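Novice: Sharing a structure here in structure tokens format.
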Amino acid sequence: MIMAEPVARNDSEPSAPADENVLVRRAREGDLEAYDELVQRYQERIYATVYHMTSNHEDANDLAQESFIKAFQALKSFKGGSSFYTWLYRIAVNKTINFLKQRKNRIHMSLNDLDFNAEHDPDLVALISDKTPRRDADLTELQEKLNAALLKLSEPHRLVVVLHDVQGLSHDEIAKVMNCNIGTVRSRLFYARQQLQAWLSDYLKPT
Amino acid sequence: MNENQPNFESLRRLLALKRHETPPPGYFNNFSSQVMARIRAGETEMADGWSGRLFASMPWLRSALQAVETRPVFAGGFATALCALLLFGAVIAQRPDSASTAFLQPAATPDATSFASATPAAQTAPVLPANQFMVADNSTNAMFSSFQPVAAASFGQIPVGAQFVNYSGSGN
């Protein structure tokens, strides 16, 4: 299973079907079954975002659950100005950033295993081919180095990379989630990529 | 500053590795049930506890707390109002001519010696000199010292000063 495959989406046309508004309205009235359906719909994306930000499965599990609980408690304040999933993302992202600020000096990676498809991904196979400067690097080592490099980025820069390059959100969606303008998203993305490229140069195929 | 510059292509491929990091098998099968169980447990706790009874009797309080929790503007406004209130209180308390200070002080603090000379009783009965009468003036007990004149004024018609009595023997 590939987690949170990037899908080209925009905010005016969320991936959720039209009944999302109905589910949100029912959940706001206290219908737990409706909220259960919303949780199932977004659990993978929310978990993936938090996991890629923390590089820790246990933390991601706690934060993702707490994000859904907080969203349920705050559902009455959701006015529908943005889509439900943008609002939910915002809650999860704020919660994660607050958590990361608190544990600033206690970074501990607890990485999930790579799935079976990783070894057959043509992009990754190309990375560990004989053209890669570090030929002895295997996928697990790459995974650790990549996560360590991501953790060196500041939270806003890491978030932009995770949401765009890993989760596949558009600049517009990221701007709404982060409550900033698109120009800021673009500049953060550019800077973050530059940083990552410098730190991971040994593992990147020269272009 | 085009983000699609070709020199990031290799990095983009490496970042694709992140999408292959997956939680343990079956993890998402129980995720939503755990969330819903925690929500139900929280609701039960809220309904049973003192906070639940409080919110039930004052539903606007829950809305206000949720607004403060979800909208930073409300939290900031509340904090600003609180700071303003504290500052106002501090300024009022430090003003020497404030009403509260005047209220706490006695209406009149007559001088002991002038009081002694002004009362009719003082003209007939010998009264101790001021330094003997106002024993508490040398005391560090501010409360006693400040209340002494008030007590004396209450007994304005009755001389409370000590009188010298001669106990000299009469031939025993």
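Laboratory data are not the source of any read-out in this text; all were calculated from the coordinates shown. Please read these numbers as outputs of a predicted model, since none were measured by experiment. Cβ atoms come from the backbone with ideal geometry, glycine included; neighbour counts cover every protein chain shown.
Novice: Quick one: which residues, 5 or more positions from A:ASP113 or on another chain, have an amide H under 5 Å from its amide H? H modelled 1.01 Å from N in the peptide plane, none for Pro or chain starts.
Specialist: Amide H to amide H, under 5 Å and 5 or more residues apart or across chains, A:ASP113 pairs with B:THR22.
Novice: Still on this structure, I have one more. Taking each residue of A:109-115 in turn, how many C-beta atoms of other protein chains fall within 10 Å of its C-beta, and what is the average?
Specialist: Taking the mean over all residues of the peptide, I get 4.
Novice: Now for a separate question. May I ask you to derive the FRET efficiency for A:SER154 and B:GLN94 from their Cβ-Cβ distance with R0 = 30 Å, giving the value to the nearest 0.05?
Specialist: Here the calculated transfer efficiency is 0.10.
Novice: For A:ASP31, what charge total do you get from the other residues with a beta carbon under 12 Å from its beta carbon, if Lys and Arg give +1 and Asp and Glu give -1?
Specialist: Cβ neighbours under 12 Å give a net charge of -1.
Novice: Along the range B:57-67, what does the Karplus equation 6.51 cos²θ - 1.76 cosθ + 1.60 (θ = phi - 60°) give for ³J(HN,Hα), rounded to whole Hz, x for Gly and Pro?
Specialist: Once rounded to whole Hz, the list reads 7, 10, x, 5, 5, 5, 4, 5, 5, 5, 5.
Novice: Roughly how many nanometres apart are two label points built 7 Å out from the Cα toward the Cβ at B:GLU43 and A:ASN21?
Specialist: 2.5
Novice: Using a Förster radius of 35 Å, what is the FRET efficiency between A:LYS104 and B:LEU65 based on their Cβ-Cβ separation? Nearest 0.05, please.
Specialist: 0.75
Novice: Enumerate the amide H contacts of A:ASN56 below 5 Å, restricted to partners 5 or more residues apart or on another chain; note that Pro and chain-start residues carry no placed amide H.
Specialist: A:SER110
Novice: Evaluated at 25 °C with a viscosity of 0.890 mPa s, what Stokes-Einstein diffusion coefficient in µm²/s does the range A:39-97 have when Rh comes from the Kirkwood expression over alpha-carbon pairs?
Specialist: 216
Novice: Going by Cα centres, the range A:178-207 and the range A:29-56 are how many Å apart?
Specialist: 27
Novice: Note down the net charge around B:PRO59, summing +1 for each Lys or Arg and -1 for each Asp or Glu among other residues with Cβ under 14 Å from its Cβ.
Specialist: Charge balance near B:PRO59 sits at +3.
Novice: Sticking with this one: Could you give the nm distance between label points at A:ASN117 and B:PHE74, where each point is 7 Å from its Cα heading toward the beta carbon?
Specialist: So the label points at A:ASN117 and B:PHE74 sit 4.2 nm apart.
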